[in-house]
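For reference, the structure is listed below as structure tokens.
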Amino acid sequence: MDLALAEAEAAAARGEVPVGAAVIDAAGRVLARAGNRVEELADPGAHAEMLAIREACRALGSPRLVDCDLYVTLEPCPMCAQAISLARIRRLYWGADDPKGGGTVNGARIFAAASCHHRPELYGGFGAERAARLLTDFFKARR
């Protein structure tokens, strides 16, 4: 989670919403890490999770990340949750819950849908306090 938190901090420094992600394989190797780049790339889909999943898939030469784990600082939105399912991520670890925009245990609850093809193991609350503080400080500075 420390890698994801570092990516979130870097995203905040770039003026992006501070969310970071990292994909780790079964041997513990870092396949990818990313922070939000929505503003920089003018791409509403450039969420940390999406960027990290794409990079990890390229690293493995596969559209599936079987036996890989994703660490993300904020509960994934529905778009990212669906990508996590399609990539066959083994375990999902996240920091802060997202009651408004989450798609995992809040909101759309993608993994609970009958149409969901793959459900990763879910673990929330890792580094939640630090992740939530990054978000709170970021938005407080913009108001």
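Can you run phi through the Karplus equation (6.51, -1.76, 1.60; θ = phi - 60°) for segment 8-15 and list ³J(HN,Hα) in whole Hz, with x for Gly and Pro?
Here the 3J(HN,Hα) series is 5, 5, 5, 4, 4, 4, 8, x Hz.
With the chain treated as a Gaussian network of Cα nodes joined by springs under 10 Å, which of ARG33, ARG130, ARG64 yields the largest mean-square fluctuation?
Ranking ARG33, ARG130, ARG64 by mean-square fluctuation puts ARG130 first.
I want the antiparallel fraction of DSSP beta bridges within the chain, as a percent rounded to 5.
Details: 9 of 18 bridges.
Given both bridge residues lie in the chain, the antiparallel proportion sits at roughly 50 percent.
Take the alpha carbon atoms of segment 86-143, find their center, do the same for segment 12-60, and report the distance between the two centers in whole angstrom.
14 Å
Leaving out ligands, DNA and RNA, what percent of the accessible area of the chain is carbon and sulfur, probe 1.4 Å?
Taking all protein chains in place, the chain shows 52 percent carbon and sulfur surface.
Looking only at LEU51, LEU41, LEU70, which one moves most when the chain is put into a Gaussian network model with springs between Cα atoms under 10 Å?
Checking each option, the largest mean-square fluctuation is seen for LEU41.
Quote the relative contact order of segment 1-78 in percent (integer), defining contacts as alpha-carbon pairs under 8 Å separated by 6+ residues. Numbers along the way, then the final one.
Details: 161 pairs, mean separation 24.8, N = 78.
About 32 percent, as a whole number.
GNM on the chain, C-alpha springs below 10 Å: top fluctuator among ALA48, ALA114, ALA132?
ALA114
Measuring with a 1.4 Å probe in the full set of protein chains, what accessible area per residue, in whole Å², belongs to the chain?
Working: 7050 Å² over 143 residues.
Computed with neighbouring chains in place, this is 49 Å² per residue.
Consider a paramagnetic label point 7 Å from the Cα of LYS100 along Cα→Cβ; state which residues of segment 4-29 have an amide N under 18 Å from it.
12, 16-20
List the relative contact order of segment 29-143 as a percent without decimals, with contacts defined as Cα pairs under 8 Å and 6+ residues apart.
Values: 198 pairs, mean separation 24.1, N = 115.
Value for segment 29-143: 21 percent.
Which whole-Hz couplings ³J(HN,Hα) result when phi for each residue of segment 19-32 is put into the Karplus expression 6.51 cos²θ - 1.76 cosθ + 1.60, θ = phi - 60°, listed in order with x for Gly and Pro?
With the stated coefficients, segment 19-32 comes to 10, x, 8, 8, 10, 10, 7, 5, 8, x, 7, 7, 8, 6 Hz.
The values are calculated or read from the model by the stated rules, or taken from the named source; none is laboratory data. On a predicted model such as this, the values are computed, not experimentally measured, just so you know. Cβ sites come from the backbone with ideal geometry, for glycine too, and all protein chains shown count toward neighbours. Protein only, heavy atoms only, side chains kept; ligands, DNA and RNA dropped before computing areas. Shrake-Rupley method; radii C 1.70, N 1.55, O 1.52, S 1.80 Å.
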